Every structure is written in structure tokens, then in C-alpha cells.
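Student: First the structure, then my questions, so here it is.
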Amino acid sequence: MSNPVPPPPADAFAAPAYAAPGAETAPAYAAPGAETIASYAAPGAEAAAAPQPQFHGPFCRFCGSVPAVEATVRGHQGFIVLMRFLKLRGPFCRDCGLASVRRMTSNSLWQGWWGIGSMLINPITMLSNLGAWSKVRRLPAPLPGAPATPMPVGRPLWKRVEILGLLLPVLLISALVWNGGHSWSDTSSGPTPTRVYLSPYPTPTSSAVDPANVKVGDCLHQVGGSTRTFIVVVDCGASNADSKVVGRSTTTTDDVCDAYPDSDSRLVRESGSHPVTLCLVKLTHATTGTT
């Protein structure tokens, strides 16, 4: 008994698909350049798609820009007997930081010298701003898109008129030095100055010149204060003649000048082998040279 033959597949008797003559060889039509259209991208599209750097702070306290850095800017004001310390905390972007350093330092250049204590504190305050200036100047420019516009940095300190404030302490010190030298030196012509103490009571002196050289009728120019006054013998007609000797004595008692009613002050040299008291009367411009 033979095995049964399996039936043919169902598509064995299907009619082949009809195709027009030459259809098998006709290539698919494509417009010129169609292959490159899909791959075309606008210039810079790749850069726009690149991820932007993200900043998480700090942000500038004035404009909100980044990058920013923490810093403190200081200023000083002197008010003769009082003083004021100023402080401005960051963070600052580059432009706002430079503007703050220049503004507060320039204000201190003319506001910070008015007082003895301020003369010492103000230079230290301005020098302390070098640290803040060094931090902010190393930052790059603020990125666009901040909530506010950064401050204009303004002109450098050395281009501002406030820089002339540095001359204030120089002029003051120069005036003090000149006044001190002028007070203790005299260029008046005349005899060698006779130096003694001036006091309402006998006061010792260490002068190397004997006041006994001063005679009754001599006119004196006084240089110094009321406790240590140096005298110079000058012409009685000179404009700097301050007093005239109306009496002298070799004693130094309190009542020695009572014998000279015109006397209103006295010069006493108590130390040494020849103590002397000079009784004086004050000269005025109206009586100079006639008293």
C-alpha cells in the first residue's frame, strides 16, 4: 500500500502579478538633491543645541548677574571727635564690585581724614579694599540675561578729583613741622638770645646764656609758651618787640617786682651762680618804641 501524496500549496495555482513591459527595470524617480535635503541643518544649530553652563550662585546683590564672588568693601568718615565705619557686603559681579570699590574708596579719600584717630584709621581702611578689588577684577564679564543691568564701573581712582584728598595729611603734617621749626627758631638780628623760663613764680632754668646780660631798657621778643618762653633782645622799634625790661634784681622772691609798678610780668632764672629776675612791661603796637 503506497503512501498518500500531499496536496500542493494553495498559492501554487495563483496567477502571477501583472507588470507592464519594462516596469521591472524602471528606476524609482527622485528629485535632484533630494538625498541631501533631509540632512540639511541651519548654521550654528549644533552650537545652539549644546548644553549651556549652569550657575547655582552666588548671584550679584545688585543686578543678579553671574558669576559673582563674596567680598566686603569698606569706607571711613571722620567728624573731628567722632568717626563712622562703613561696610558693604557682597556678593558682587565684576562690574558692580569694581564700581563699589571705586566709589567707597574715593569717598574715603576726602571724607576720612577729619579727626586725629581718622588720620590713622583711614589709610588702613582704604588699603583693606585691595583684597575685594583683587577678587572682583579676576571675574569674567557678567553673563547677559540678569534681572538688572550691572553698574557702570566708572573711572579709575587715579583719574578722579578725589585723589587729591591724599594731599590733606601731607599738607597737615608739613604745616605742623613748619610751625614747630618756626616757633623755636628766630632769625632776628641782634645779640645772642638770652633764654630763661617765664613763670609767675620762680622756675629753674638750664639756659647756657646768663640773663644778667639783659639790661634795663632792653626790649625782648618772646618765643614759646607761658611755661617755657625763650627771649631775644631786639630793637624797641621792631614790630616783634613784645616787652621791655623796666627792672632787674639778683633776688628771686615773689615780691621783687613790686618796686616797679609798671611791671606786669617777670622772667626768673633761679639756678646757677647768678640768679636774676627781669621785671617786664608788655608793649603794644601803639606804644612800641616810645615806652
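Just so you know, all these numbers are worked out from the coordinates, no wet-lab data involved. Just so you know, these numbers come straight off a predicted model, no measurement behind them. As a convention, Cβ positions derive from the backbone with ideal geometry for all residues, glycine included, and neighbour counts pool all protein chains shown.
Student: Taking 7 Å along the Cα-to-C-beta vector as the label spot, tell me the Leu120-Asn107 distance in nanometres, rounded to one decimal.
Tutor: 2.5 nm
Student: I want to check the label-to-label distance for Val170 and Thr251. Put each point 7 Å from Cα in the C-beta direction and report it in nm to one decimal.
Tutor: Each label point lies 7 Å from its Cα, and together they span 6.0 nm.
Student: Please compute the length gained on full extension between Asn213 and Glu162, using 0.36 nm multiplied by the number of residues separating them and subtracting their Cα-Cα distance. Don't jump to the answer; show the numbers that get you there.
Tutor: On the way: separation 51, 0.36 × 51 = 18.36 nm, distance 5.63 nm.
Full extension of this stretch gives 12.7 nm more.
Student: Another one. Which of Pro156, Met126, Gln77 sits closest to the plus end of the dipole of the stretch 69-164, meaning its Cα is farthest towards the positive end, when Lys and Arg get +1 and Asp and Glu get -1 on the C-beta?
Tutor: Pro156
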